[in-house]
């Protein structure tokens, strides 16, 4: 997807272009893969270049489907012969109720216009939901905002406040509340560990909303 303005190229994550990288490996992929049962029906919402879908198909033998808004992402997926279509994920999705065992949204919910519609649709089309996102209440963000009085730099991941697709920042507590509102039960919450320090691991486990930068959540809709 090209940038909308005739300006010098800037560091901007609103316009993902997968032409130069058709494969990626992210730290949360093994966590998500571990949460998925073999031979399941899975949809990856905001699937990018399809790397996570590829991993799930290879390691868990899932029947995988994806939706991606980036044309270059869809093209990368189709070259891998993945079942992926172009489209938005925060609107009514073209699938029947309970079409999938798992609906996955990996580090994307904070980038959509209507996250509440996304969660409602994930609940409608799948029994289980796997969602990950950056935790806005992370202690470094709190400290940065307190000291500098501007959008916390740690939350921007190298971008500027105006050039990031992170338009709906949320905390773990925010996520727990919206999950409760939609009658989605959190079965597991797995912090993404970037340190082997046992003290840091203890703090993340004990106070996740303060010390966890990112979490992967497994949810189940309640009858």
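Sort through 167, 192, 131 and tell me the only one that's under 15 Å from the mean Cα position of the chain (by Cα) and modelled with pLDDT of 95 or more. On inspection, the qualifying residue turns out to be 131. The requirement of being in contact with a helix residue (DSSP H, G or I) (Cβ under 8 Å, 6 or more places away or on another chain) and surrounded by fewer than 15 Cβ atoms within 10 Å (Cβ to Cβ) is not satisfied by residue 194.
Against the definition (under 20 Å from residue 28 (Cβ atoms), out of contact with any helix residue (DSSP H, G or I) (no Cβ under 7 Å at 6 or more places or on another chain) and buried (at least 18 other Cβ atoms within 10 Å of the Cβ)), how does residue 179 come out, yes or no?
Values: under 20 Å from residue 28 (Cβ atoms): yes; out of contact with any helix residue (DSSP H, G or I) (no Cβ under 7 Å at 6 or more places or on another chain): yes; buried (at least 18 other Cβ atoms within 10 Å of the Cβ): yes.
Judged against the criteria, residue 179 is a match.
Here's the yes/no breakdown for (1) more than 20 Å from residue 35 (Cβ to Cβ); (2) crowded, with 16+ Cβ neighbours inside 10 Å:
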residue	(1), (2)
123	no, yes
130	no, yes
134	no, yes
144	yes, yes
151	yes, yes
175	no, yes
185	no, no
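For region 55-65, filtering for residues that are surrounded by 16 or more Cβ atoms within 10 Å (Cβ to Cβ) and either in a loop (DSSP other than H, G, I, E, B) or on the phi > 0 side of the Ramachandran plot (or both) leaves 1. Counting residues that are under 19 Å from residue 180 (Cα atoms) and touching a strand residue (DSSP E or B) at 6+ places or on another chain (Cβ under 7 Å), which helices (runs of 4 or more DSSP H) fully inside region 66-160 reach at least 2? Output list reads 115-125.
The values are calculated or read from the model by the stated rules, or taken from the named source; none is laboratory data. These numbers were taken from a predicted model, which means no experiment stands behind them. Neighbour counts run over all protein chains shown; Cβ positions are idealised from the backbone, glycine included.
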